[in-house]
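J.: Before I ask anything, let me first share the structure, which is written out below as structure tokens.
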Amino acid sequence: MRGWLTKSLDKQLRTLADGKQIPLLGLGVWQIPNGATTVNSVRWALELGYRHIDTAQAYGNEESVGRALKESGVPRNEVFITTKFWPGAQDPVVEAERSLRRLGVDFVDLYLIHWPQGGPTRAWGGMERAHEKGYARSIGVSNYDVRELDQVMAMATVAPVVDQVQFSPFEYRRKLLDGAEQRSVAVEAYSPLGTGRHLANETVKRLAARVGRTPAQVLLRWCVQRNLIVIPKSTHRNRIEENSRVFDFMLSAADMAELDALDDTGGTDRALEDKWW
């Protein structure tokens, strides 16, 4: 079974605008404390065939992600690692160097500005320098709306290839997704399960029962069928495995339309309802 999982997940890749490939499914480690809990979650994910781990400087758990990678025995070149620049700091290059030391790696596959504090373009020059130095193979942003993407792209030498935002049927930011795709920016969905809130929704539960899947699998499958990269979080091995089983079934057009109708954002082009900084 584990071999099937590894083979299946290895095939599920998206090619970014810069030619690099990213696994469609990853493990997110937001709100998981540094230490054994993060180490176990990442190690289990890697054992189960995940090849994409998403962390951030602000999470405070890069060290544990690196430890899990080392203990897993999975070769570094088989794992796509994302971290994010904390925009309360000044220099993305300096912070990338610190992240690499904590992670115990020579580069990350993707380095994102975590949110547009200080203006969407303030840190982009430093992100490009981190890319030029080989600290990050690809660079992008997080929590940027379409207008902010345009501001970055207008001054960029190296364009962002990913915008990571909160996205699910309940946060179906259609205009943001369409705008990003038009600009060759891949959208990556964080909190696709609403940190667990969305699993209890009656529509989601009814659809899950109809297709013989769990609510989490239905929500993640919706993301995959929308061509989103998706990074659910879990600290439970059985849930991490459950979340990986989203590539062997399809939701019908009617199912997708029912889920689309759950949107609470009005199909916005915004990445955030409210700033937190």
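Readers should treat all values here as calculations from the given coordinates under stated rules, not as data from a laboratory. As the structure is a computational prediction, the values presented were derived from the model and not from experiment. Glycine gets a Cβ as well: all are built from the backbone with ideal geometry, and neighbour counts include every protein chain shown.
J.: In the range 44-70, which residues have a backbone nitrogen under 18 Å from the label point lying 7 Å from L199's Cα in the Cα-to-Cβ direction?
T.: 44-45
J.: Out of A56, Q166, M250, whose Cα points farthest toward the positive end of the dipole of the chain (charges: +1 Lys, Arg; -1 Asp, Glu; placed on Cβ)?
T.: Going by the Cα projections, it comes out as M250.
J.: Pop out the Kirkwood hydrodynamic radius of the range 17-105 from its pairwise C-alpha distances, inverse of mean 1/r, in Å to one decimal. Numbers along the way, then the final one.
T.: Numbers: mean 1/r = 0.0755 Å⁻¹.
13.2 Å is the Kirkwood radius here.
J.: Go ahead and run the numbers for FRET between M153 and E97, Cβ-Cβ distance against an R0 of 25 Å, rounding to 0.05.
T.: Given R0 = 25 Å and the Cβ-Cβ separation, E is 0.45.
J.: Mind jotting down the three principal axis lengths of the chain based on Cα atoms? Whole angstrom, largest first.
T.: Largest first, the chain extends 50, 42, 32 Å along its Cα principal axes.
J.: Another question, if that's okay. Just from its helices, what would the mean residue ellipticity at 222 nm be for the chain, if runs of 4 or more DSSP H residues each count -39500 (n - 2.57) and the sum is divided by every residue, rounded to the nearest 500 deg cm²/dmol?
T.: On the way: 11 runs with 109 residues, N = 277.
Using -39500 (n - 2.57) per qualifying helix, the result is -11500 deg cm²/dmol.
J.: Determine the alpha carbon to alpha carbon distance for each of K133/K275; K84/K275; K11/K233; K205/K233 and list only those over 29 Å.
T.: Checking Cα-Cα distances, K133/K275 exceed 29 Å.
J.: Multiply the residue separation of E273 and R206 by 0.36 nm, subtract the distance between their alpha-carbon atoms, and state the gained length in nm to one decimal.
T.: On the way: separation 67, 0.36 × 67 = 24.12 nm, distance 2.83 nm.
Computed gain between E273 and R206 is 21.3 nm.
J.: Based on DSSP loop calls and a cut-off of at most 11 other Cβ atoms within 10 Å, the longest stretch of the chain free of exposed trypsin sites (Lys or Arg not before Pro) is what?
T.: On the way: sites that count: K11, K275.
The longest such stretch corresponds to 12-274.
J.: With θ set to phi - 60°, apply the Karplus curve 6.51 cos²θ - 1.76 cosθ + 1.60 along the range 91-102 and write out the HN-Hα couplings as whole Hz, x wherever there is a Gly or Pro.
T.: Per residue, the Karplus-derived 3J(HN,Hα) values read 10, x, 5, 4, 5, 5, 4, 5, 4, 4, 5, 5 Hz.
J.: Per the Kirkwood treatment, what hydrodynamic radius in Å, one decimal, follows for the range 228-269 from the mean inverse distance over all distinct Cα pairs?
T.: Details: mean 1/r = 0.0778 Å⁻¹.
Its Kirkwood hydrodynamic radius stands at 12.9 Å.
J.: Then there is this: Just in the range 182-277: which GluC sites (Glu not before Pro) are loop by DSSP and have at most 14 other Cβ atoms within 10 Å? If you can, show how the numbers build up before the last one.
T.: Numbers: sites: E188, E202, E241, E242, E258, E273; in loops: E273.
Filter output for the range 182-277: E273.
J.: For the range 38-44, in order, what is each residue's ³J(HN,Hα) by Karplus, 6.51 cos²θ - 1.76 cosθ + 1.60 with θ = phi - 60°, in whole Hz (x at glycine and Pro)?
T.: 5, 4, 5, 4, 5, 4, 4
J.: Between A96, A68, A208, find the one with the highest GNM mean-square fluctuation for the chain; connect C-alpha pairs within less than 10 Å.
T.: A208
J.: Another question, then. For the range 135-277, what number results from the quotient of the Cα radius of gyration and 2.2 N^0.38 Å? Show your work: numbers first, answer last.
T.: Working: Rg = 15.7 Å, N = 143, 2.2 N^0.38 = 14.5 Å.
Dividing the Cα radius of gyration by 2.2 N^0.38 Å gives 1.08.
J.: To continue, here is another question. If the elastic network links every pair of Cα atoms under 10 Å, which of T38, T235, T195 fluctuates the most in the Gaussian network model of the chain?
T.: T195
J.: Could you work out the local net charge near R67, counting Lys and Arg as +1, Asp and Glu as -1, over the other residues with Cβ closer than 14 Å to its Cβ? Mind showing how you got there, number by number?
T.: Working: positive: R43, K70, R76, R101, R102; negative: E62, E63, E71.
Within the 14 Å Cβ shell, the charges total +2.
J.: OK, next. Roughly how many nanometres apart are two label points built 7 Å out from the Cα toward the Cβ at T121 and H236?
T.: Label-label distance for T121 and H236, simple model: 4.7 nm.
J.: For the chain, with a Gaussian network of springs between Cα atoms less than 10 Å apart, report the residue from F170, F80, F249 with the top mean-square fluctuation.
T.: F249
J.: Okay, next question. Using amide H atoms built in the peptide plane, which far-off residues or other-chain residues are under 5 Å from R137 H to H?
T.: Under 5 Å from the amide H of R137: V108, D109, L110.
J.: Compute the signed sum of charges (Lys and Arg +1, Asp and Glu -1) over the other residues within less than 12 Å, Cβ to Cβ, of V230.
T.: +2
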